[in-house]
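Each remark here refers to the structure printed beneath this line.
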Amino acid sequence: MTNMEFSRMRPSRVAAAAAIAMLAVAGAADAAAIRVNPGFDGNTVPRNDDSFVGPVGLGFSIDFYGVPRSSAFVNNNGNITFDQGLSTFTPFNLTSTARQIIAPFFADVDTRSAGRPVRYGQDTVDGRLAFGVNWIDVDYFSSSASHTNRNSFQLVLIDRSDINPGDFDFEFNYDQIQWETGQASGGNSSGRGGNSARAGFSNGTGLPGTAFELPGSAINGAFLDGGPNALISNRSTATWTADTCSAFATVGSRFPSRARWRCSASALPASASRVAARRADRLGLR
């Protein structure tokens, strides 16, 4: 199992831009990657195909690279959005979208007939307010009891206002990834091939460093268990040059199989922060 953590820190702090090496920590599977906080199962998205709920409260406020939010839409298809609900089932490029999105596994989840429904809610992580969404044992389109392959993954947002107002971390946590595509997105009956899943985020402004996709996004077979960019082991390495990021950390030895990415946006100069705020206002994102 794999845990990936990104930390988003206050963009108004002045620091130099940096090139950040994303280091994946390889190791044995770790069952602790999916957090089992009961609050994250507190609410259920009714079984559906391509629907969403929201906006629902996060329980705290975040500053998503100049876009302040305190609520989100929980979308069935492996992501949350902040501007409006998202029913799109074929994943689009997260680095060029105008949508405000955080996506641990953007693909065509279908919970109508098999697997479990999506659950979400508020809890705490290490004493800090947190909001989690669980896609556990979820099926792909077209949902069928005959499907034996399922995916289990999780998104957790963690309040870090202890650092600066609006700061937050977010984690992508994975237990198993056995399908990558819905059949309406070109996948076969086993949920493979076609327009494969993407994982990453965008704040919708289009500014450098405010959007990112994990290596392996949209590549057939890459994210699957045993694949070259398998999300449960994340054995790949890559370099991300991000104008808004100045810090990067990997998780400690407590979970040796986890690859946790922490990206600090403190490198965004004050002038760029003002540009981000103006662009967000112009796009109606604030």
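Restricting Asn77, Asn149 to residues that are out of contact with any strand residue (DSSP E or B) (no Cβ under 6 Å at 6 or more places or on another chain) and in a loop (DSSP other than H, G, I, E, B) narrows the list to Asn149. Just one of the listed residues (Arg35, Arg47, Arg69) is in contact with a strand residue (DSSP E or B) (Cβ under 7 Å, 6 or more places away or on another chain), under 28 Å from Thr181 (Cβ atoms) and either basic (Lys, Arg) or buried (at least 23 other Cβ atoms within 10 Å of the Cβ) (or both), and it is Arg35.
When we screen Ile136, Ile62 for residues that are within 29 Å of Thr205 (Cβ to Cβ), surrounded by 17 or more Cβ atoms within 10 Å (Cβ to Cβ), within 17 Å of the chain's Cα centre (by Cα) and not aromatic (Phe, Trp, Tyr), the only hit is Ile62. Of all residues in region 118-128, those satisfying the criterion of being surrounded by 18 or more Cβ atoms within 10 Å (Cβ to Cβ) and more than 9 Å from Phe40 (Cα to Cα) are Val118, Val125.
Here's a check for you: in region 93-117, which residue that is more than 14 Å from the chain's Cα centre (by Cα) and among the hydrophobic types (A, V, I, L, M, F, W, C) is surrounded by the most Cβ atoms within 10 Å (Cβ to Cβ)? Applying the filter and picking the extreme gives Val109.
Inclusion of Val125 among residues that are within 30 Å of Asp63 (Cβ to Cβ) and at pLDDT below 95 is warranted.
All conditions in (1) at pLDDT 95 or above; (2) surrounded by fewer than 16 Cβ atoms within 10 Å (Cβ to Cβ); (3) not charged (D, E, K, R) hold for Ile80, with the sole exception of (2). Residues that are farther than 17 Å from Asn173 by Cα and either at pLDDT below 95 or in contact with a helix residue (DSSP H, G or I) (Cβ under 9 Å, 6 or more places away or on another chain) (or both): does region 24-46 have at least one? No, every residue in region 24-46 fails to be farther than 17 Å from Asn173 by Cα and either at pLDDT below 95 or in contact with a helix residue (DSSP H, G or I) (Cβ under 9 Å, 6 or more places away or on another chain) (or both). Output the number of residues of region 144-163 satisfying the condition of being over 23 Å from Asp41 (Cβ atoms) and buried (at least 22 other Cβ atoms within 10 Å of the Cβ). Number satisfying all stated conditions: 0. Across region 51-74, not a single residue is classified as under 21 Å from Asn149 (Cα atoms), hydrophobic (A, V, I, L, M, F, W, C) and modelled with pLDDT of 95 or more.
The values are calculated or read from the model by the stated rules, or taken from the named source; none is laboratory data. Computed from a prediction, not measured in an experiment: that's the story for all the values here. Cβ atoms come from the backbone with ideal geometry, glycine included; neighbour counts cover every protein chain shown.
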